[in-house]
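**Student:** Take a look at this one; I'll ask things after.
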Amino acid sequence: MDRPVVLTAPHYVLGETELDHTAITGFAERVAEFRMKPRANLWGWGTVRRTERAIEDLAVESGAATLASAGLDPAAVEAVVLCSTGFPVGTGVHGAFVERVLTGLGTPDADFVGVGLNRCTNLLAGLHVADAYVRSGRHRRVLVVTTDRVTDETTRMDKFALFSDGAASCLVTSEDPGDQELLGCASATRAGELDWANEINPELSVRVNERLLTPFGLAVTDLAGLLHTNVYKPVVYLKEMQAGFEATQLHLDNITRLGHCFAADPLINLVDRDRAGQLRDGAHYLLAASVPGSRAGVLLRRRAGQ
């Protein structure tokens, strides 16, 4: 195809209630269970966001904001990639769930695909699908939405992150001038390491970096920023440094401000850095997420004049 693929109109919504980490149900007990030093600055403990809303409502609000920002009639959306770790259990209710999202978005006739097994890399896996759709010419305008919430408040704190509820979305298209050119997608997997008992493997990050950057003659140090997940600060530092990144490429503010919003973090961090005027024209940025046994990345280039 002649026209570039772009990621445009990213947006996110968060749970309506802000909650200090000390108010998380069972917080002190979880700290003791995980044998963590109770030092908020060390881990990046701050506040999280909680919702009483259904995840389909969060998805609709975020997705609708993306379409409005893009100036796109919802009827023009050709496909929706819907991502979540919390899809309703049982195929008997899946149809009604998708119907509520598509109807709420005003896209009842759009093709759809669900992404749910990739855990915290769900959004990036969804972007891989959208990129393939557009790059192949199968679809021209694809809406990607990820949405999640904690359903058991005793699990809002885990050994690697404090969780927030929310949704994030963007449009992948070849028909919009867009502010971020989507240059490529890559992933790496080791099936034997996918269980949560394992640690994040930085070798998979190195493999993704090579697959994404080498075709463009780039090195990790050429990236202006890494838009990573908002897990605990020491985890981000350790794993991303082992993968070859430098501290100046990281964005740690949202770890304390929001915590870990499931798969939405890379897009949330992109939006916030853009709002803060921290994205440079012509610079390259990497959306990336890791879980044990898997790493996914999406390479972007900030387009001039956007």
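The values are calculated or read from the model by the stated rules, or taken from the named source; none is laboratory data. What you see is a predicted model, and the numbers here were worked out from it, not measured in a lab. Virtual Cβ from ideal backbone geometry, glycine too; neighbours counted across all protein chains shown.
**Student:** If you take the residues in segment 181-224 that are polar (S, T, N, Q) and either in the same structural domain as A130 (by TED's automatic domain parsing) or part of a loop (DSSP other than H, G, I, E, B) (or both), which one is farthest from L238 (Cα to Cα)?
**Tutor:** Going through the qualifying residues, I end up with N198.
**Student:** Looking at segment 182-203, which of its residues are out of contact with any His (no Cβ under 9 Å at 6 or more places or on another chain) and among the hydroxyl-bearing types (S, T, Y)?
**Tutor:** Scanning segment 182-203 gives a single hit, T189.
**Student:** Could I ask something else about it? Scan (1) more than 19 Å from the chain's Cα centre (by Cα); (2) surrounded by fewer than 18 Cβ atoms within 10 Å (Cβ to Cβ) for the single condition L213 breaks and write down its number.
**Tutor:** (2)
**Student:** Give the residues of segment 150-180 that are assigned to a helix (DSSP H, G or I) and either hydroxyl-bearing (S, T, Y) or buried (at least 23 other Cβ atoms within 10 Å of the Cβ) (or both), sorted by residue number. Please lay out each step first, then the result.
**Tutor:** As a first pass, look at segment 150-180 and keep what is assigned to a helix (DSSP H, G or I): 153-155.
Once the filter is applied, which keeps residues that are assigned to a helix (DSSP H, G or I) and either hydroxyl-bearing (S, T, Y) or buried (at least 23 other Cβ atoms within 10 Å of the Cβ) (or both), segment 150-180 yields T154, T155.
**Student:** Answer yes or no as to whether G225 is under 15 Å from A289 (Cβ atoms), small (G, A, S) and either in contact (Cβ under 8 Å) with a residue 24 or more places away in the chain or in contact with a helix residue (DSSP H, G or I) (Cβ under 7 Å, 6 or more places away or on another chain) (or both).
**Tutor:** yes
**Student:** Hey, another quick one. Quick check: is even one residue across segment 237-246 in a helix (DSSP H, G or I) and touching a strand residue (DSSP E or B) at 6+ places or on another chain (Cβ under 9 Å)? Full working, then the answer.
**Tutor:** We begin by selecting, within segment 237-246, every residue in a helix (DSSP H, G or I); these are 237-242.
From what's left, touching a strand residue (DSSP E or B) at 6+ places or on another chain (Cβ under 9 Å): 239-240.
Yes: segment 237-246 contains one or more residues that are in a helix (DSSP H, G or I) and touching a strand residue (DSSP E or B) at 6+ places or on another chain (Cβ under 9 Å).
**Student:** Yes or no: segment 140-158 includes at least one residue that is within 30 Å of L252 (Cα to Cα), out of contact with any strand residue (DSSP E or B) (no Cβ under 7 Å at 6 or more places or on another chain), modelled with pLDDT under 95 and not charged (D, E, K, R). Give the steps one after another, and end with the answer.
**Tutor:** Applying the first criterion (within 30 Å of L252 (Cα to Cα)) to segment 140-158 yields 142-158.
Right, trim to out of contact with any strand residue (DSSP E or B) (no Cβ under 7 Å at 6 or more places or on another chain) and you get 148-149, 151-155, 157-158.
Pick out the ones that are also modelled with pLDDT under 95 and you get none.
Looking through segment 140-158, none of the residues is within 30 Å of L252 (Cα to Cα), out of contact with any strand residue (DSSP E or B) (no Cβ under 7 Å at 6 or more places or on another chain), modelled with pLDDT under 95 and not charged (D, E, K, R).
To keep it simple, each residue is scored yes or no on (1) more than 29 Å from H284 (Cα to Cα); (2) crowded, with 22+ Cβ neighbours inside 10 Å; (3) at pLDDT 95 or above.
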| site | (1), (2), (3) |
| --- | --- |
| T8 | no, yes, yes |
| E18 | yes, no, yes |
| F34 | yes, no, yes |
| L58 | yes, yes, yes |
| V80 | no, yes, yes |
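**Student:** Could you list, in sequence order, all residues of segment 135-149 that are out of contact with any Gly (no Cβ under 9 Å at 6 or more places or on another chain), part of a loop (DSSP other than H, G, I, E, B) and not small (G, A, S)?
**Tutor:** R138, H139, R140
**Student:** Right, something else. Being among the aliphatic types (A, V, I, L, M) and more than 30 Å from A197 (Cβ to Cβ) narrows it down to one of A263, A296, A283, so name that one.
**Tutor:** Unique residue meeting the criteria: A283.
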